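These notes concern the structure reproduced below.
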Amino acid sequence: MDNDQFENLELLNRSVVNKDGFVCLNTDEFEGFKYAFYLSHPKGLEKVFYTKNTECIFDVCFKKGAYIATFFYMNEKGHKKSFKLNFSITEEGDVVVLKKTLLGETKGWKIDYYDQGSEITFIVFNGSGSSKNSSPFGLGYLRGKGFNIIACLQDNDQYQSLSFDDFKNCVLPVVKGKDVFLYGSSLGGYCAVYYAGAVNGTVIASAPRNSSHPDIIARAKGKSRFNTEDFCHANIKENPITNKNIFVFIDPYVEGDMYFLDNFVRPAYKELNYISFEHAGHEVLFHINKTKQLDGIITSIVLGEKNFDVDRSIDSCFTYIGKARHYLNKRDYSKAVSFAEKALEENGLSDKLRSRFEKTHHMALKRKVSSEANI
């Protein structure tokens, strides 16, 4: 009986409406069931637990942004089923439901298409350590902009199972006639460059690097977790290349990133647009976002602007810790301590980031005390 009930739940109507200026979720009624509702919105997550009410008005203003509504159903036995509705609210107050289509999948990769009816499509790639179940890179932001999104997901194999031709066969038919942008950071940035020629798209790559490349493994001198025999990709310059712009954000002080750029990206794309942010580290995209410049840069690139202003004078916790490491290497331990302390003053640091920053601060402080004792 449960199976029949739950199959019938698929047929229910679920909707999002503007109720007196607030987000309201509605579902059809189904006899014997209770209903719960979650709403993920730009500022957090709201939850309303099981009641007999088929309508839920959240204390969330009905305004432009990307949202995820989750509708929960529970029968009298306590058995549950849920349905997600990805949607955006436009500037005009329209609700646009995101249509998700599976373009292709194997054991090692999955490609999903989120269609918002736009003439602009972003192809995004996740970072190292991600899986086919990971949330796509930049999904919320790009949904909020109203762009179509093609999410290329991997099963933690550095995208080695996704060949250039498989990518092209899955994606090219969907993006023909569209303005196409490939977007990612670190491993995702590498992929944006690697696959660009398959769709002749514009690249937005932050600190592109694939640490599983045999040359990078060799440079690690036994400290890499990757195996050279697992690397299947050709060198980037051996692929067909895009004739559109290549934008690369990078910190010139990160030696590993510069090595990858100079040895694997530049040989294919000698005319790339190199945008440097000194001391921002490998997390340069996080710095750009933290300093509230990312949206303006993305907008300029989408509008076809090749030259745009960036403000390199603004610091963030990422540039502060980058400067701390720089002065550690220069043996100016007082400055290293000072910049590490500024990085740690940042509100809302994740536990992982705080731990990394504290490690740098501890090292700088220890060396500072040691150097002063030897004077």
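Values computed for the structure shown
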| item | result |
| --- | --- |
| Residue satisfying all of: in the stretch 30-66; over 25 Å from the mean Cα position of the chain (by Cα) and of a type in the set (Gly, Ala, Ser); surrounded by the most Cβ atoms within 10 Å (Cβ to Cβ) among these | Ala36 |
| Sole residue being out of contact with any Leu (no Cβ under 8 Å at 6 or more places or on another chain) and closer than 27 Å to Ala151 by Cβ, chosen from Thr90, Thr54 | Thr90 |
| Those residues of the stretch 240-275 which are closer than 24 Å to Asp166 by Cα and among the aliphatic types (A, V, I, L, M), in sequence order | Ile241, Ile246, Val265, Ala268 |
| Residue in the stretch 135-144 that is in contact (Cβ under 8 Å) with a residue 40 or more places away in the chain, part of a helix (DSSP H, G or I) and farther than 21 Å from His287 by Cα present | yes |
| So Lys81, is it in a strand (DSSP E or B), in contact (Cβ under 8 Å) with a residue 24 or more places away in the chain, closer than 17 Å to Asn26 by Cα and open to solvent by 30 Å² or more (accessible area, probe 1.4 Å) | yes |
| Only one of Glu7, Glu29 that is out of contact with any Gly (no Cβ under 9 Å at 6 or more places or on another chain) and assigned to a loop (DSSP other than H, G, I, E, B) | Glu29 |
| The stretch 245-257, subset in contact (Cβ under 8 Å) with a residue 40 or more places away in the chain and assigned to a helix (DSSP H, G or I), residue surrounded by the most Cβ atoms within 10 Å (Cβ to Cβ) | Asp257 |
| Filter pass, Ala69 being modelled with pLDDT of 95 or more, open to solvent by less than 30 Å² (accessible area, probe 1.4 Å) and closer than 27 Å to Ile150 by Cβ | yes |
| Pick from the stretch 98-129, criterion closer than 18 Å to Phe167 by Cα and assigned to a loop (DSSP other than H, G, I, E, B), ranking: most open to solvent (accessible area, probe 1.4 Å) | Lys107 |
| Among the candidates Phe339, Phe308, residue that is modelled with pLDDT under 95, more than 19 Å from Asp257 (Cβ to Cβ) and either within 24 Å of the chain's Cα centre (by Cα) or aromatic (Phe, Trp, Tyr) (or both) | Phe308 |
| Unique residue being open to solvent by less than 10 Å² (accessible area, probe 1.4 Å) and modelled with pLDDT under 95 when the list is Leu162, Leu142 | Leu142 |
| Matching entry among Val180, Val203 (being open to solvent by 10 Å² or more (accessible area, probe 1.4 Å), in a strand (DSSP E or B) and in contact (Cβ under 8 Å) with a residue 40 or more places away in the chain) | Val180 |
| Some residue of the stretch 315-335 being open to solvent by less than 60 Å² (accessible area, probe 1.4 Å), touching a residue at least 60 places away in the same chain (Cβ under 8 Å) and farther than 22 Å from Tyr253 by Cβ | no |
| Counted residues, the stretch 258-278 - those being crowded, with 23+ Cβ neighbours inside 10 Å and within 23 Å of Ala340 (Cα to Cα) | 1 |
| Scope the stretch 206-242; condition without any contact (Cβ under 8 Å) to a residue 24 or more places away in the chain and under 30 Å from Lys306 (Cβ atoms); matching residues | Glu238 |
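The values are calculated or read from the model by the stated rules, or taken from the named source; none is laboratory data. No experiment lies behind these values; they were computed from the predicted model shown. Quick reminder, even Gly has a Cβ in these numbers, built from the backbone with ideal geometry, and neighbours come from all protein chains shown. Areas reflect the complete protein model, heavy atoms only, side chains present, ligands, DNA and RNA absent. Shrake-Rupley method; radii C 1.70, N 1.55, O 1.52, S 1.80 Å.
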